[in-house]
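Asker: Take a look at the following structure, please.
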Amino acid sequence: MSAKPNKTIFLADDDADDCMLFEDALREVSTSTELTTANDGVELINLMETTVPPPPDVIFLDLNMPRKNGFECLELIRSTKAWERIPVVIFSTTGQEEMVRKVHEQGANYFIRKPGSFPKLKQAIKQILDIDWTKHSWKPVAENFYYQY
């Protein structure tokens with residue numbers, strides 16, 4: 001069995017504790033994955049402008065961030081030709097139906113409500129890393145869009 005190729009993940013989240021937990025969980029799920037974090041939406045977009053191509057394999061995007069929030073980032077990502085096909089997973093503490101619907105309409109690939117435990121966080125990250133985006137339905141139906149652990 002051959003090792004999976006390295007994956008690159010971008011995480012945009014203004015909560016330092018959430019970023020550290022995410023990184024710890026990611027390391028336990030996959031040691032060959034490279035994580036780059038941005039502390040807000042402006043930092044994420046700057047990162048995208050300076051490093052893409054190559055695009056990350058997936059972007060985990062918090063909604064409530066200063067300077068440029070997740071909605072604004074998602075809109076910009078989906079309207080930029082070089083970035084429009086990068087999978088975006090909304091990763092937020094909110095689970096409000098209106099917000100979930102809005103980011104689904106904006107073109108996010110999944111919405112994961114931030115899990116309340118470390119094992120569930122690892123499960124959520126592993127689920128996303130296991131997706132083969134080349135074979136996956138680009139825009140899931142609304143019923144398959146929102147994951148709550």
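Asker: Which numbered condition trips up Leu26, out of (1) farther than 27 Å from Gln96 by Cβ; (2) under 13 Å from the mean Cα position of the chain (by Cα)?
Answerer: Tallying (1) farther than 27 Å from Gln96 by Cβ; (2) under 13 Å from the mean Cα position of the chain (by Cα), Leu26 fails exactly one: (1).
Asker: Further question on the same structure: Using the structure shown, decide if Glu23 is of a type outside the set (A, V, I, L, M, F, W, C), over 22 Å from Gln127 (Cα atoms) and either surrounded by 16 or more Cβ atoms within 10 Å (Cβ to Cβ) or out of contact with any Lys or Arg (no Cβ under 7 Å at 6 or more places or on another chain) (or both).
Answerer: It is false that Glu23 is of a type outside the set (A, V, I, L, M, F, W, C), over 22 Å from Gln127 (Cα atoms) and either surrounded by 16 or more Cβ atoms within 10 Å (Cβ to Cβ) or out of contact with any Lys or Arg (no Cβ under 7 Å at 6 or more places or on another chain) (or both).
Asker: When you check Arg85 against the structure, is it surrounded by fewer than 15 Cβ atoms within 10 Å (Cβ to Cβ), within 14 Å of the chain's Cα centre (by Cα) and farther than 20 Å from Gly116 by Cα, yes or no?
Answerer: Yes.
Asker: Can you give me the number of residues within region 1-19 that are out of contact with any Phe, Trp or Tyr (no Cβ under 9 Å at 6 or more places or on another chain), charged (D, E, K, R), modelled with pLDDT of 80 or more and surrounded by 11 or more Cβ atoms within 10 Å (Cβ to Cβ)?
Answerer: Final tally of qualifying residues: 3.
Asker: Does any residue of region 40-61 turn out to be surrounded by 16 or more Cβ atoms within 10 Å (Cβ to Cβ), within 24 Å of Lys135 (Cα to Cα) and of a type in the set (Gly, Ala, Ser)?
Answerer: no
Asker: Just one of Leu76, Leu61 is under 16 Å from Leu47 (Cβ atoms), at pLDDT 95 or above and more than 14 Å from the chain's Cα centre (by Cα); which is it?
Answerer: Residue meeting the stated conditions: Leu76.
Asker: Do we have Leu61 as touching a strand residue (DSSP E or B) at 6+ places or on another chain (Cβ under 6 Å), under 20 Å from Ser117 (Cα atoms) and aliphatic (A, V, I, L, M) here?
Answerer: Taking the combined requirement at face value, the residue satisfies it.
Asker: Would you pick out the residues in region 46-96 that are touching a residue at least 40 places away in the same chain (Cβ under 8 Å) and under 13 Å from Asp13 (Cα atoms)?
Answerer: Within region 46-96, Ile59, Phe60, Leu61, Asp62, Leu63, Asn64, Met65, Pro66, Gly70, Cys73, Phe91 qualify.
To keep it simple, each residue is scored yes or no on (1) closer than 21 Å to Asp17 by Cβ; (2) out of contact with any Ser or Thr (no Cβ under 9 Å at 6 or more places or on another chain); (3) not β-branched (Val, Ile, Thr).
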| position | (1), (2), (3) |
| --- | --- |
| Gly70 | yes, no, yes |
| Leu74 | no, yes, yes |
| Ile77 | no, yes, no |
| Thr80 | no, yes, no |
| Gly95 | yes, yes, yes |
| Met99 | no, no, yes |
| Lys114 | yes, no, yes |
| Ser117 | yes, yes, yes |
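Asker: Here are some conditions: (1) within 20 Å of Ala25 (Cβ to Cβ); (2) among the aliphatic types (A, V, I, L, M); (3) within 11 Å of the chain's Cα centre (by Cα). Ala38 meets all but one. Which one does it not meet?
Answerer: Of (1) within 20 Å of Ala25 (Cβ to Cβ); (2) among the aliphatic types (A, V, I, L, M); (3) within 11 Å of the chain's Cα centre (by Cα), only one is false for Ala38: (3).
Asker: So is Thr80 under 22 Å from Lys122 (Cβ atoms) and of a type outside the set (Lys, Arg) or not?
Answerer: no
Asker: Now for a different question. Go through region 113-148 and give me each residue that's at pLDDT 90 or above, among the aliphatic types (A, V, I, L, M) and not in a helix (DSSP H, G or I).
Answerer: none
The values are calculated or read from the model by the stated rules, or taken from the named source; none is laboratory data. Fair warning: this is a prediction, and the values are worked out from it, not measured in the lab. Don't worry about glycine lacking a Cβ; one is built from the backbone with ideal geometry, like all the others, and counts go over all protein chains shown.
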